[in-house]
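These notes are about the structure you will find just below.
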Amino acid sequence: MNMGKKFVLFLASVCMMGFAACDGDGDADYGFGKIYMPQAMQSGGLNNSYAVPSGDGEYTYNFRVTAGYVKAVLGVTRSGKLSDARGFSVSVYTSEEETAAAVSQFGGEPMPSDFYEPLPRSVTVPSGKSGEVFYLEIPRSGLSDPANAGKKYVLAVGISDPTAYELAETGTVTAVIVDVDALNDAVEAL
């Protein structure tokens, strides 16, 4: 056997041993179990702005429409892949101070409390899952009210007090920015 063939056989056997050594590594834990809001990271970590609507077309919008509400999609998730994927809960809150800071940074005005339904007080992620969705529900009657036309409303929605794991250093407050006219147009286009 010539030297080239021996080298190829040697290389093939090394590769096969390497694949055999990796068996089961796909199930290993990796990353850290930190809790955050994916919508706060929509800009790639540049800021925590979350424009509603976003995208174009029925599969890229970040809201759902029901008979009486437009529901902006929010959520909570845990990073990392952990074999001990226990469930957890977080509290959900809004903050006038964080909303004022978001208005200062992104423009618009604070979202009036009568423009949206109360948010859930908490969100629970069941064991075996890494995240869960919740919604900022806006009554369609308020959205179509002429008094709200041309408005850009801002609301800081945050998470706190996890029952397991830790909060991430960033991404725990989402500055939801609702462009009323654009959202009305997007709803009508569906």
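Coordinate-derived values only; no laboratory data. Predicted model only: the values in this text are computed from it and were never measured. FYI the Cβ positions are ideal-geometry reconstructions off the backbone, even for glycines, and counts take in every protein chain you see.
A few comments on the model shown:
- Gain on full stretching of the segment that runs from ASP185 to ASP161 - 0.36 nm per residue minus C-alpha separation: 4.9 nm
- Estimated FRET transfer efficiency (THR124, ALA149; beta-carbon r; R0 45 Å; 0.05): 0.75
- Shape of the stretch 28-189, Cα gyration tensor, a/c cut at 1.5: prolate
- Annotated for the stretch 28-189: lysine pairs at least 8 residues apart or interchain, Cα distance under 25 Å, count 6.
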